[in-house]
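So the structure is just underneath, and the comments pick up after that.
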Amino acid sequence: MAFDVARIRGLFPALGDGWIHFDGSAGMLVPEQVASAVSTAMRAPVSGPGGTFPASERAESIVAAARRAIADLAGAEPEGVVLGPSATVLLDRLVDALSETWTLGDDVVLSRLDEQANIAPWVRAMKRVGGTVSWGEIDIETCELPAWQYEELVGPRTKAVSVTCASGSVGTRPDVATVVEIAKKAGAIVVVDATYAAPFVPLDLDALGADVVVLSAQAWGGPAVGALVFRDPELLEQIPSRALDPLATGAERLELGPHAYPLLAGVVASIDYLAGLDDAAAGSRRERLLTSLGSAKSYHAGLLAQLSTELHALPHVMVIGSATRRIPTLAFTVADRKAADVARHLSSRNVCAFADEGSTGVFAALGVGEVGGAVRIGLAHYSNVFEVNQLVRVLEELG
């Protein structure tokens, strides 16, 4: 395998700003080929679908290409790909449709490992119907999400189980396959958020077993486009439609209004970029994606291990969690310093990182707010050893 980080860095014009970008959890920088695809599509005549003239046919071909590209990434069928302005909007729309048939006493199972965007729609829906929410809890020492607890959480009134494929805060990758297996025995629909996993881990929807996977192209350097990927496209016909067109079928039943066609063109380019992370990858786009993301996974595992080892060696820094399976994301605290102050110090040294006060989400569940919050570090495809070493040197100054 050939993951050449120097070559990959050359694909990102924004890296010339002189900053070290460890803000990957908010979305990666945009590769040049994605920006070019969007601008090219904006210069071409594109109309609405349904016409017999070139501009309309171009719109239809862009949408079809985006569905195929997302399907290749997830290991699914294009007919099961719902496209929209963001993963958050689409998830909210999906939950609203699903909950239309739920009643008093029904239950959904969520996890404390998930981001707030994955939690809020379900909580609102259960308040509306008079249902309950059960929670998968985190091991506060390791930040693991034990799968065995779902045997007790999932019951006969459980309508849905929602769980993340990887945490964008602490990097943990839970045993989703086991959670899915337990949920399926109860007949619950399973929605998996793969937003943070998709840039680093090869996805296979059939192997995962989830009914729906949530994706955000921004996570891997694509434009602001989200997607819901259904393992069985027929499930779309069983969910109450949210489309403006009462005759809408398939994926269009959960799509609202016209698409941003230039951005969809950028989605295709961004997945082609993922397929080319390993310059030795060959075969179909799906095959190249599996090879390239496998290479990325290996590269980032080594980089994360080095970062974690060096941070553990700093006596004033505490790394949060020690999950065995993870994406290249971690969080830490600095003794006697608030996370916001640490983030400002990093920024003064041209290092981008986010501070989280610990008032909501994963860090609230871990009680991090009591020690002034945590700093989140999200590595990206273009992160390298030099940048890791520079981060450690800047943190040494706080000792």
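The values are calculated or read from the model by the stated rules, or taken from the named source; none is laboratory data. From a predicted model like this one, the values you see are computed outputs, not experimental measurements. Because the Cβ atoms are built from the backbone with ideal geometry, glycine has one as well, and the counts that use them run over all protein chains shown. Only protein heavy atoms, including side chains, enter the accessible area calculation; ligands, DNA and RNA are left aside. Shrake-Rupley method; radii C 1.70, N 1.55, O 1.52, S 1.80 Å.
A few notes on this one:
- Taking θ as phi - 60° and the Karplus parameters 6.51, -1.76 and 1.60, the scalar couplings of the stretch 157-172 work out to 9, 6, 8, 8, 10, 10, 8, 7, 7, 6, 7, x, 9, 10, x, 4 Hz in sequence order, x denoting glycine and proline.
- Whole-percent pair-distance distribution, where bins are 10 Å wide, for the alpha carbons of the stretch 69-148: 16, 35, 34, 14, 0
- The amide H of Gly136, built 1.01 Å from its N in the peptide plane, has Leu110, Ser111, Arg112 as neighbours under 5 Å, considering only residues 5 or more places off or on other chains.
- Ligands, DNA and RNA left out, the 1.4 Å accessible surface of the stretch 45-122 is 56% carbon and sulfur atoms.
- Cα gyration tensor category, rounded, prolate or oblate, for the stretch 1-116 with a/c compared to 1.5: oblate
- Residue-averaged [θ]222 nm for the chain, counting only DSSP H segments that reach four residues, each worth -39500 (n - 2.57): -12000 deg cm²/dmol
- Descending principal axes extents, the stretch 204-278, alpha-carbon based, whole Å: 42, 32, 14
- Relative to the Cα centre, the charge distribution of the chain, modelled as +1 at Lys and Arg Cβ and -1 at Asp and Glu Cβ, gives a dipole magnitude of about 500 debye.
- Averaging the sequence gap over all C-alpha pairs within less than 8 Å and six or more residues apart, then dividing by the number of residues, gives the stretch 296-399 a relative contact order of 29 percent.
- Arg325-Ser284 pseudo-label distance in nm [points 7 Å out on the Cα-to-Cβ vector]: 2.5 nm
- Temperature 10 °C, viscosity 1.306 mPa s: under these conditions the Stokes-Einstein estimate for the stretch 299-363, based on its Kirkwood radius over C-alpha pairs, is 122 µm² per second.
- Cα gyration tensor shape for the stretch 66-200, rounded if a/c is under 1.5, else prolate or oblate: oblate
- Selected from Ala64, Gly51, Gly75, residue furthest toward positive end of dipole (the stretch 1-88; charges at beta carbon): Gly51
- Local net charge near Phe354, Cβ-Cβ under 12 Å (Lys/Arg +1, Asp/Glu -1): -1
- Using the Karplus relation 6.51 cos²θ - 1.76 cosθ + 1.60 with θ = phi - 60°, the per-residue 3J(HN,Hα) values for the stretch 227-239 come to 8, 10, 10, 8, 5, 10, x, 5, 4, 4, 6, 9, 9 Hz, with x marking Gly and Pro.
- Net charge dipole, the stretch 249-399: roughly 200 debye, given to the nearest 20, about the Cα centre with Cβ charges of +1 for Lys and Arg and -1 for Asp and Glu.
- Along the chain, longest interval not containing exposed GluC sites (Glu not before Pro), exposed being DSSP loop plus at most 11 other Cβ atoms within 10 Å: 142-396
- Rounded if a/c under 1.5, otherwise prolate or oblate - the stretch 159-302, Cα gyration tensor axes: oblate
- Under 16 Å from the Cα of Lys185 - lysines, other chains or at least 8 residues apart: Lys159
- Were the residues from Asp4 through Asp206 laid out at 0.36 nm apart, the gain over their Cα-Cα distance would be 69.7 nm.
- Annotation: amide H-H contacts under 5 Å for Val351 (H modelled 1.01 Å from N, sequence separation of 5 or more, or interchain): Ile20.
- The stretch 1-109 - accessible surface per residue (Å², probe 1.4 Å): 44 Å²
- Built from the Cα atoms of the stretch 269-379, the convex hull projects on average onto 8.7 nm², one quarter of its surface area.
- Computed over the chain: relative contact order in percent, which uses C-alpha pairs under 8 Å that are six or more apart: 23 percent
- Under 5 Å, built H, 5+ apart or other chain: amide partners of Asp278: Ser292
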